[in-house]
Amino acid sequence: MADSKAHSANIRSSLLEFFNTALASVDPLNLVGNFLPPRPKGRVIVLGAGKASARMALAVEQCWPGQLEGLVITRYHHAEVCKQIEVVEASHPVPDNAGFDATQRLLRLAQTAGPDDMVLCLVSGGGSSLLTMPAPGVSLEDKQQVNRALLASGAHIGEINCVRRHLSSVKNGRLGTACGRAYVLTLIISDVPDDDAAVVASGPTLADGSIAADALDILRRHHITLPASVRAAFCRPAPTSEFCSIGQRDHFVIATANDALNAVQTSAEKSGWHVLNLGASIEGEAREAGKVMGGMVKHLARVRSSATGNQVPLLMLSGGETTVTLRHPTPGRGGRNVEFLLSLGLQAKSLTNLTALACDTDGIDGSETSAGALWDPTTVQRAQALGLCPAEHLHRHDASTFFESLGDLVTTGPTRTNVNDFRAIALT
């Protein structure tokens, strides 16, 4: 029994180390300096929004010789201490007045850029709600109402961001347009499947080709009741000059979920693991994805048990962004990663050699203070001893309470990066 507990503890520690490896591989401090261009003739103006934007700004200050100015907007408790670039904190995932006021100031600064200046735009996930200036005629309250409804509807992040970009005066390339003839370089940390640069933070400097009718269709499909101002905004034709960019525009995606998965795969293989990397494009309902993954794990366990010879430990890696549709009338405390993990564990609870971790790389799973959680071969037994019913917690979207009761939440605090979900499933 003691050996079994020690083995379980070692595997849990390994998964936590792999998560730390993933985070280090997409830390802006290790990346931004590789993408900075030569100094322009004029000013260097740094603008940004997202959960990683403050750390990206700090990286710029550490690597850039000479004068800087600028403003970035990040989530509450995600700031870094910068000397030349102002950092403002605001609300995520529902925008607030702090974000609205900061966005107005950021846009005015962009409009001061001249033809000899460079605007360095730092973009990461979370920027869609942090960089907030509603479309003409739409109040912040109406935009907040639509945003809350979308978040509870089960709409995936691409759909949510499509609506956000068409309810904005600054997204979908509009910030880039405001920079006029200046050179605009956008550095992007991607939190979206397939890493479409125009989708991250709803593309402040990059338009994606969608139209307002696409956003309206999304809202109809998810049965979102629209305030009159929002409906009118979607029906109003856009100015023909809205997306005209005069100056040179470049962008680089400097970190992705696949970068994190590949870094972990390299580390794990050096440690003797056999790695099955499923990539970072897994979407859909969190509990359904967990159920499917649990079925895959059971199949792999059967294959391994029928094979002859010593079995090396197997590590299954994946990323992406699942969603949670709140169907219970009184939902508990949860997030997409803990809901995925609880569903996975229930599906594969018969396995005595399964340990799994599911965490958000920004350190915050949904609206919780934890990044995610761990499941191990003792989870069900320990839950029963405490009188917990895992199926009931899953039904009520209350997975955070379940894992917290077991002491199995993973708490990192804000990581100041964001490449979305990281999942590591071990069969030993």
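Residue-level analysis places Ala59 among those that are assigned by TED's automatic domain parsing to the domain that holds Val44, closer than 26 Å to Arg39 by Cα, of a type in the set (Gly, Ala, Ser) and free of Cβ contacts under 8 Å to residues at least 40 places away in the same chain. The set of residues in the stretch 307-355 being out of contact with any strand residue (DSSP E or B) (no Cβ under 8 Å at 6 or more places or on another chain), hydrophobic (A, V, I, L, M, F, W, C) and either in a loop (DSSP other than H, G, I, E, B) or not assigned by TED's automatic domain parsing to the domain that holds Ser8 (or both) consists of Ala307, Leu326. The lone criterion from (1) loosely packed, with under 15 Cβ neighbours inside 10 Å; (2) closer than 28 Å to Ala149 by Cβ left unmet by Ser305 is number (2). For the stretch 1-20, a tally of residues being under 16 Å from Pro313 (Cβ atoms) and at pLDDT 95 or above returns 8.
Once the stretch 55-93 is narrowed to residues that are small (Gly, Ala, Ser) and within 23 Å of Leu185 (Cα to Cα), the residue that is modelled with the lowest pLDDT is Gly66.
Would you confirm, using the coordinates I've provided, whether Phe35 is under 30 Å from Gly127 (Cβ atoms) and not assigned by TED's automatic domain parsing to the domain that holds Gly125? Taking the combined requirement at face value, the residue does not satisfy it. Looking only at the stretch 369-389, filter to residues that are surrounded by fewer than 21 Cβ atoms within 10 Å (Cβ to Cβ) and over 23 Å from Lys5 (Cβ atoms); which one of those is nearest to the chain's Cα centre (by Cα)? By that ranking, first place goes to Thr369. Looking across the stretch 390-425 at every residue that is in a strand (DSSP E or B) and surrounded by fewer than 24 Cβ atoms within 10 Å (Cβ to Cβ), the one that is farthest from the chain's Cα centre (by Cα) is identified as Leu409. Every listed requirement among (1) surrounded by fewer than 24 Cβ atoms within 10 Å (Cβ to Cβ); (2) part of a loop (DSSP other than H, G, I, E, B); (3) without any contact (Cβ under 8 Å) to a residue 40 or more places away in the chain is met by Gly366 save one, (3). Gly335 fulfils the conditions (1) over 18 Å from His7 (Cβ atoms); (2) surrounded by fewer than 17 Cβ atoms within 10 Å (Cβ to Cβ); (3) touching a helix residue (DSSP H, G or I) at 6+ places or on another chain (Cβ under 9 Å) except for a single criterion, (2). Take Asp116 and tell me if it is assigned by TED's automatic domain parsing to the domain that holds Trp64, in contact with a strand residue (DSSP E or B) (Cβ under 8 Å, 6 or more places away or on another chain) and either surrounded by fewer than 19 Cβ atoms within 10 Å (Cβ to Cβ) or assigned to a loop (DSSP other than H, G, I, E, B) (or both). Here the answer is no, as Asp116 does not meet what is asked. The number of residues in the stretch 380-408 that are among the hydrophobic types (A, V, I, L, M, F, W, C) and touching a residue at least 40 places away in the same chain (Cβ under 8 Å) comes to 5. Annotation note: of Gly50, Gly70, the sole residue that is crowded, with 19+ Cβ neighbours inside 10 Å, closer than 21 Å to Thr412 by Cβ and not assigned by TED's automatic domain parsing to the domain that holds Thr369 is Gly50.
Counting only helices (runs of 4 or more DSSP H) wholly contained in the stretch 127-243, the ones carrying 1 or more residues that are surrounded by fewer than 18 Cβ atoms within 10 Å (Cβ to Cβ) and at pLDDT 90 or above occupy 140-153, 212-221, 228-235. Could we say that Val123 is modelled with pLDDT of 95 or more, of a type outside the set (Gly, Ala, Ser) and in contact with a Cys (Cβ under 8 Å, 6 or more places away or on another chain) here? In short, no. Do the conditions hold for Pro93, that is, is it crowded, with 16+ Cβ neighbours inside 10 Å and either touching a residue at least 40 places away in the same chain (Cβ under 8 Å) or among the hydroxyl-bearing types (Ser, Thr, Tyr) (or both)? The answer is yes for Pro93. In the list Leu216, Leu226, which residue meets the criterion of being in contact with a Cys (Cβ under 9 Å, 6 or more places away or on another chain) and either of a type in the set (Lys, Arg) or more than 30 Å from Asn353 (Cβ to Cβ) (or both)? Unique residue meeting the criteria: Leu216.
The set of residues in the stretch 277-300 being basic (Lys, Arg) and outside any helix (DSSP H, G or I) is empty.
Among the residues of this structure, Cys121 counts as one that is buried (at least 18 other Cβ atoms within 10 Å of the Cβ), in the same structural domain as Val72 (by TED's automatic domain parsing), outside any helix (DSSP H, G or I) and not acidic (Asp, Glu).
Restricting Thr186, Thr177 to residues that are closer than 21 Å to Leu120 by Cβ, over 23 Å from the mean Cα position of the chain (by Cα) and of a type in the set (S, T, N, Q) narrows the list to Thr177.
The values are calculated or read from the model by the stated rules, or taken from the named source; none is laboratory data. Just so it is clear, the structure is predicted and the values come from calculations on it, not from any experiment. All Cβ positions, even for glycine, are placed from backbone atoms using ideal geometry, and neighbour counts span all protein chains on display.
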